[in-house]
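Worksheet: the structure to be examined is printed underneath.
The values are calculated or read from the model by the stated rules, or taken from the named source; none is laboratory data. These figures come from a predicted structure and were not determined experimentally. In this analysis, Cβ positions are derived from the backbone assuming ideal geometry, glycine residues included, and neighbour counts consider all displayed protein chains. Side chains included, ligands, DNA and RNA excluded: accessible areas come from the protein's heavy atoms. Shrake-Rupley method; radii C 1.70, N 1.55, O 1.52, S 1.80 Å.
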Amino acid sequence: MRILLVSLGVAAATAGCQREERQLRVDPPVAAALDSITLMPNGISGAPPEIYFALDRPYETNAYNLSQGKRLYSWFGCKGCHADGQGGAGPAFLDGWWNYGPEIVSIFASIRDGRPHGMPAFRDKMTTEQIWQLAGYVQTIGAYSIKTAAPGRNDEKQTRPAENRGPAAKRFDEGPTPIHLDQGPVP
Amino acid sequence: MRTRATRGVLLALLPSSVLAGCTGWQSAFDAQGASAISIKQLMVLMVVICSVVWALVIAVLIRALWRGREQVERSIGPDPVIERRTARVVVAAVTATVIVLAVFTVVSFFTTRALTLAGHDDLTIKVRGQQWWWGLEYLGPTPDERFETANEIHIPVGRNVRLQLEGIDVIHSLWVPGLAGKQDLIPGRRNELTLRAERPGAYRGQCSEFCGLQHAHMALLVIAEQQETFDQWMRSQRERATDPSDAEIAAGQQVFLSRPCAACHAIRGTSATGTNGPDLTHVGGRRYIAAGLLETTRGSLAAWISDPQTLKPGNNMPMVALSADELRSVSAYLASLK
Amino acid sequence: MSEVKPDTRDSELAPPALAAALAETWRTPVGLWGVLAAVDHKIIARRYIVTAFAFLALGGVLALLMRLQLAQPEARVLSPDRYNQIFTMHGTNMMFLFAVPVMEAMGVYLVPLMVGTRNIAFPRLNAFSYWIFLAGGALLWIAFVLDMAPDVGWFAYVPLSGPQYGAGKRADIWAQMITFTEIAALAVAVEIVVTVLKQRAPGMSLDRIPLFVWSMLVTSFVVIMAMPAIVFASTSLILDRLVGTHFFNPAEGGDVLLWQHLFWFFGHPEVYIIFLPAVGMVSAIIETFARRPVFGYLAMVMALIATSILAFGLWVHHMFVTGLPRLGQSFFTASSMSIAIPAGVQVFCWLATLWDGAPVFRTPLLFVIGFIVTFVIGGLTGVMVASVPFDTQVHDTYFVVAHFHYVLIGGAVFPLLGGIYYWFPKITGRMMSETLGKCSFWLIFVGFNLTFFPMHILGLAGMPRRIYTYQPDMPWYGLNMFVSISSLVLVAGFLVFFIDAIRSTRVGVSAAENPWDAPTLEWATASPPPSYNFAEIPVVNGLSPLWDQPGCLMVASGLRTDRRELIVSTVAAAKPQVREASPRDSIWPFWAAVATTVMLIGSIFTPWAVVWGSVPVAIALIGWFWPKATPEDES
């Protein structure tokens, strides 16, 4: 019983530390290392650098990074094409369908290097850390299950439920039979 | 021996630091604006009266404790005659309290009424409080006369200036103690504050509503100057940025425009039109960078650009990886933007 | 009056047999079961007081960390993130986990003794409130250890604490911690109101209630009326953050200022929730040590009631710089100033008591003298900040920090420490050391003033609150260093106090029933009091029963000794009405608290926790209230 409690406490402690810690400054060598992802030849999926795992996937699990990503989403004009996730000139995120796969490394690559049909490269507009933060946030928009670290609603007109309500899950349920479990239904 | 020395140091420290605390360019003691001056008069009045009240209470307390020392026996039943006399004294004291409070209320009311209020034809500046700097927009009668700047408000001496206060993200509060009391900048609301400097000078102000990680480093400067100087400043601010005058500066401009800088900052006259960070068109002409953090020099610009998260942890300026040459030239470029 | 079965009455037993019978009926079982199931108000209150003082010590450590960081410009002892957590924790901890609970706990301990009854009303609710309070405090401090403590200030202004800018679960933890402490405070308030109004000893009509009991009664009413505002505020904040409601979103018709109105509608009365019990302690101590009844009993009671009413009419003075209409602000200037009138009445009455009394300079009285000296300063600076123009210069500066520490430490902690020295012999049966007491008083008094007085000047010199550092070119360095050094003196004083308190529980001189020759009923029983408080319920026929009838208190008899019974009396005249059964020990309050804790903490993470979490809560409540075939009241 006591061992159970202690291990629960330790688990909660480590989970809490990662989720809530605020890493305000990324050392330049770390930032440089974070930039070197390996991508599959078709540009879909790949592997983040090892340091990303050494840091314990900070851009997917850390609440502060995710909320920074949310700020960057509006600061860097993502809404112009993707709206609040509903899409427009660019693809939607809310439908749970990822053109280049749902892994954060694909999203990172899409933002950094751009994609055909109009997605510009942000390599010269954002730092590596910012791109990771933004990628982590974009992933939560189309998440199939709710992340507790995901940000809440914005103080503005609401066009959809907040990220921590997991809106994509709903869309996912409504869609046709998924052909690829990792990638959600065919739109 | 050591305790005596420590005490001596402490005793010496107190008065000197009290004196030091009274002056300064961000102090309600050093009132140079119309509002601040009349508020200071009210403050002096209230502090003096309250000090007298406190001294009276303490005198009565000491006397009461002193005169009870001789008595040893517990008083069995209070003497009704003495009780009645005491009651009269207490009632008188309460009446005096009521009178003092009434005077304070009335004086405070009239001080509020007397505070100057700018009208619609006065110079109007839109102030946007955001994490963690001040965006400024000078409004003019025509769109050409509008211009953007940040963190440094210039105002003409002896004239009312109307500040329109807007909170962009969270609540901030604009406080320039030397000129006027504070006023909050609240998202979804618009407040106004009137500044009127009676003497030329530089007055420091600071955000005084807790606004997050860098609340401590969200200062601004109000520079009150004579009308002609002010007009000249306005004219120069409306200008676009000067073109690079030498090769290093030109290289710096190139760095600025090709690296992430231009995504967040605007420099009028170039392709940089970002609005997330302060407008840098005339950044070299401002006295401070990063909302009062560092004096503007080439060196401080380079330091700031190379590691903003160490100087002001948590602020929204990212650390952009630049080579030494890039850093040198871009700081030269920014310093040249007078 | 017909009895179903024969029972034992106290009038039938000789004193030793009576004491034995009562002790058997009222005893709290030993062991873990006894710890978890106890409902004796003295046991619960002791836990409350000890826990609250532990939180005081922790909050003091936080204050020291802040002073360490602020001693020098641009110091890097703490990161801004950690500093923001620390000052938020300090404020939240001191207000919600120390000041309010400790004041209520003093009431929980003393009120039943002072009104001459055997247990507090709703003793199981009392037990429940302690467990909930403990869980709330643990939640906050565990979060702090995990680096996820709230960092939005103890006032948690939106939008900074809202969904967009308050990343992570930090603000949720703050809001839910509020819910915990509010539940605990409301429960205690209800108990005290009922105890005071319905369980007073025969003859203790309204005009014979000790002033401390009056102050607890008035405080409890303030709690009951003020807390719902903050419960609503914190709940709507969680809803905004967790399920995306729009209470505070201007774009969707919400209002940012709504938060401030709700918060301060609670937050200002909160100050009086802390201050009014302290006022009661001052009256009790002055009465005993000036050795005469407090001058102007009626005026004192009226001042308490007036304060409690006015307390609800001045919350806007926390919002003078938010741009509200000027005329409205002037109204709140007037109301804020006017609360100084009842405060003045009380101070003048105490001075009159001391003037006509024969003061004995023991430690409790010293703390009360320190209270008058510092509280008057805090009150006068309060009058200053009530003025709108004055406030626009000092709002959110160190002037205000100085002001409210003068009011809260000077006005509440000094009387509390005096109260601890005063009632310590009653609670533990041992006296605290007079030498250490005087030593700690002087250290605290001098250290406090050296620490906080310079902050007035810092504020006027332009230093805002809640900044984690300041730049070297600001002229605040010397004073900040001075303040930081002085705070060590203050800490030394508290250390002496803690050492004295801990030491005295073991080696203090044994205390008699009434070591101070005090006039109120709690001193009419043994020190510490037996589990049943009074072997025979006293009958009161004056304001100072132990002075009026020295050595021979009249008693009422007729209560059963084979089950827990106490006298319920009429509200105004305290004429005995019925004999009421008092609940026995029960484990259910503990389980109910555990279930509530699980539900509330779960609701930080998912709204479904409220749905599924309510099931164990319901089970626990059913167990708690399972009907037992015992008659409740008998007239």
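Checked against the criterion of being more than 14 Å from chain B (Cβ to nearest Cβ), within 31 Å of the chain's Cα centre (by Cα), acidic (Asp, Glu) and open to solvent by less than 30 Å² (accessible area, probe 1.4 Å), the candidates C:GLU565, C:GLU580 yield just one match: C:GLU565.
Results for (1) under 30 Å from B:LEU213 (Cα atoms); (2) in contact with a strand residue (DSSP E or B) (Cβ under 8 Å, 6 or more places away or on another chain); (3) buried (at least 19 other Cβ atoms within 10 Å of the Cβ); (4) at pLDDT below 95, shown as yes or no for each residue.
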residue: C:LEU416; (1), (2), (3), (4): no, no, yes, no
residue: C:TYR421; (1), (2), (3), (4): no, no, yes, no
residue: C:GLY429; (1), (2), (3), (4): no, yes, no, yes
residue: C:GLU434; (1), (2), (3), (4): no, no, no, yes
residue: C:PHE452; (1), (2), (3), (4): yes, no, yes, no
residue: C:ALA461; (1), (2), (3), (4): yes, no, yes, yes
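Restricting attention to region B:131-149, does a residue exist that is open to solvent by 50 Å² or more (accessible area, probe 1.4 Å), at positive phi and without any contact (Cβ under 8 Å) to a residue 24 or more places away in the chain?
Pass one, region B:131-149, residues open to solvent by 50 Å² or more (accessible area, probe 1.4 Å): B:141-146, B:148.
Those still in the list that are at positive phi too: none.
The answer is no; no qualifying residue exists.
Within region B:201-216, restricting attention to residues that are under 14 Å from the mean Cα position of the chain (by Cα) and more than 8 Å from chain C (Cβ to nearest Cβ), the residue that is farthest from C:PRO159 (Cα to Cα) is B:ALA202.
Out of B:GLU248, B:GLU166, B:GLU228, one residue alone is within 13 Å of chain C (Cβ to nearest Cβ), surrounded by fewer than 22 Cβ atoms within 10 Å (Cβ to Cβ) and either modelled with pLDDT under 95 or assigned to a helix (DSSP H, G or I) (or both). It is B:GLU166. Restricting attention to region A:75-126, the residues that are β-branched (Val, Ile, Thr), within 14 Å of chain B (Cβ to nearest Cβ) and surrounded by fewer than 21 Cβ atoms within 10 Å (Cβ to Cβ) total 0.
Only one of these is buried (at least 20 other Cβ atoms within 10 Å of the Cβ) and of a type in the set (Asp, Glu): C:ASP500, C:ASP473. Name it. It would help to see each step written out before you state the result.
Working: C:ASP473 fails: buried (at least 20 other Cβ atoms within 10 Å of the Cβ).
Going through C:ASP500, C:ASP473 in turn, just one is buried (at least 20 other Cβ atoms within 10 Å of the Cβ) and of a type in the set (Asp, Glu): C:ASP500.
Listed here are the helices (runs of 4 or more DSSP H) enclosed by region C:1-79 that have at least 3 residues being at pLDDT below 90: C:15-26, C:31-37.
Candidates B:LEU301, B:LEU257, B:LEU327: the one that is buried (at least 20 other Cβ atoms within 10 Å of the Cβ) and either assigned by TED's automatic domain parsing to the domain that holds B:PHE147 or not basic (Lys, Arg) (or both) is B:LEU301. One residue stands out among those in region B:33-45 that are open to solvent by less than 50 Å² (accessible area, probe 1.4 Å) and touching a residue at least 60 places away in the same chain (Cβ under 8 Å): the one that is farthest from B:ILE223 (Cα to Cα), which is B:LEU42. Kindly indicate whether any position in region B:75-82 is facing chain C (nearest Cβ under 7 Å) and surrounded by 17 or more Cβ atoms within 10 Å (Cβ to Cβ). No. If the condition is being part of a helix (DSSP H, G or I) and surrounded by fewer than 23 Cβ atoms within 10 Å (Cβ to Cβ), then region C:243-264 contributes C:PRO250, C:ALA251, C:GLU252, C:LEU257, C:LEU258, C:HIS261, C:LEU262, C:TRP264. Is it true that some residue in region B:108-124 is closer than 30 Å to B:ALA290 by Cβ, open to solvent by less than 30 Å² (accessible area, probe 1.4 Å) and modelled with pLDDT of 90 or more? For region B:108-124, residues closer than 30 Å to B:ALA290 by Cβ, open to solvent by less than 30 Å² (accessible area, probe 1.4 Å) and modelled with pLDDT of 90 or more: present.
Taking the options C:THR8, C:THR92, C:THR25, name whichever one is on the phi < 0 side of the Ramachandran plot and within 17 Å of the chain's Cα centre (by Cα). Quick ask: steps written out before the conclusion?
On the way: C:THR8 fails: within 17 Å of the chain's Cα centre (by Cα); C:THR25 fails: within 17 Å of the chain's Cα centre (by Cα).
The match here is C:THR92.
I'd like the residue in region A:139-167 that is of a type in the set (Val, Ile, Thr) and more than 7 Å from chain C (Cβ to nearest Cβ) and, out of all such residues, is surrounded by the fewest Cβ atoms within 10 Å (Cβ to Cβ). Explain how you work it out, then say what you get.
Start the filter on region A:139-167 by keeping residues that are of a type in the set (Val, Ile, Thr), which leaves A:140-141, A:146, A:148, A:159.
Narrowing further to those that are more than 7 Å from chain C (Cβ to nearest Cβ): A:140-141, A:146, A:159.
Values: A:THR140: 24, A:ILE141: 24, A:ILE146: 17, A:THR159: 11.
If we take residues in region A:139-167 being of a type in the set (Val, Ile, Thr) and more than 7 Å from chain C (Cβ to nearest Cβ), then A:THR159 is surrounded by the fewest Cβ atoms within 10 Å (Cβ to Cβ).
Sub-8 Å Cβ pairs linking a first residue in region B:311-325 that is at pLDDT 95 or above to a second residue that is in a loop (DSSP other than H, G, I, E, B) and open to solvent by 50 Å² or more (accessible area, probe 1.4 Å), at least 6 apart or interchain, number zero.
Test of understanding: among B:ALA216, B:ALA272, which residue is aliphatic (A, V, I, L, M) and within 30 Å of A:CYS78 (Cβ to Cβ)?
Numbers: B:ALA216 fails: within 30 Å of A:CYS78 (Cβ to Cβ).
Being aliphatic (A, V, I, L, M) and within 30 Å of A:CYS78 (Cβ to Cβ) holds for just one of B:ALA216, B:ALA272, which is B:ALA272.
Consider B:TRP66 carefully, then state whether it is modelled with pLDDT of 65 or more, more than 8 Å from chain C (Cβ to nearest Cβ), open to solvent by 30 Å² or more (accessible area, probe 1.4 Å) and not in a helix (DSSP H, G or I). Before the answer, list the steps.
Values: modelled with pLDDT of 65 or more: yes; more than 8 Å from chain C (Cβ to nearest Cβ): yes; open to solvent by 30 Å² or more (accessible area, probe 1.4 Å): yes; not in a helix (DSSP H, G or I): no.
No.
From the residues in region C:64-80 that are within 30 Å of the chain's Cα centre (by Cα) and open to solvent by less than 30 Å² (accessible area, probe 1.4 Å), which one is farthest from C:LEU139 (Cα to Cα)?
Within region C:64-80, the subset within 30 Å of the chain's Cα centre (by Cα) is C:64-70.
Pick out the ones that are also open to solvent by less than 30 Å² (accessible area, probe 1.4 Å) and you get C:66-67, C:69-70.
Details: C:MET66: 22, C:ARG67: 25, C:GLN69: 26, C:LEU70: 28 Å.
It comes out as C:LEU70.
The conditions of being in contact (Cβ under 8 Å) with a residue 60 or more places away in the chain, in contact with a Gly (Cβ under 8 Å, 6 or more places away or on another chain), assigned to a loop (DSSP other than H, G, I, E, B) and closer than 27 Å to B:SER27 by Cβ are not met by B:LEU117.
Mind listing just one residue for me: the one in region C:476-494 that is hydrophobic (A, V, I, L, M, F, W, C) and in contact with a Ser or Thr (Cβ under 8 Å, 6 or more places away or on another chain) and, of those, farthest from the other protein chains (Cβ to nearest Cβ)?
The extreme case among them is C:PHE494.
Kindly evaluate B:ARG238 against the criterion of being in contact (Cβ under 8 Å) with a residue 12 or more places away in the chain and either open to solvent by 60 Å² or more (accessible area, probe 1.4 Å) or more than 12 Å from the chain's Cα centre (by Cα) (or both). Break it down into steps so the answer makes sense when it comes.
Values: in contact (Cβ under 8 Å) with a residue 12 or more places away in the chain: yes; either open to solvent by 60 Å² or more (accessible area, probe 1.4 Å) or more than 12 Å from the chain's Cα centre (by Cα) (or both): yes.
In short, yes.
Part of a loop (DSSP other than H, G, I, E, B) and open to solvent by less than 20 Å² (accessible area, probe 1.4 Å) - does that describe any residue in region C:372-391? Within region C:372-391, one or more residues are part of a loop (DSSP other than H, G, I, E, B) and open to solvent by less than 20 Å² (accessible area, probe 1.4 Å). Among the residues of region C:141-165, those identified as farther than 17 Å from A:ARG153 by Cα, more than 8 Å from chain A (Cβ to nearest Cβ), open to solvent by less than 30 Å² (accessible area, probe 1.4 Å) and in a loop (DSSP other than H, G, I, E, B) are C:ALA149, C:PRO150, C:ASP151, C:VAL152, C:GLY153, C:PHE155, C:ALA156.
Of all the numbered requirements in (1) within 7 Å of chain B (Cβ to nearest Cβ); (2) more than 21 Å from C:ARG292 (Cβ to Cβ), C:ALA352 misses one, and that requirement is (2). Of the residues making up region B:295-310, those that are closer than 16 Å to B:CYS264 by Cβ, touching a residue at least 12 places away in the same chain (Cβ under 8 Å) and within 14 Å of chain A (Cβ to nearest Cβ) are B:TRP304, B:ILE305, B:PRO308.
Among the residues making up region C:183-208, a single one is of a type in the set (S, T, N, Q) and in a helix (DSSP H, G or I): C:THR195.
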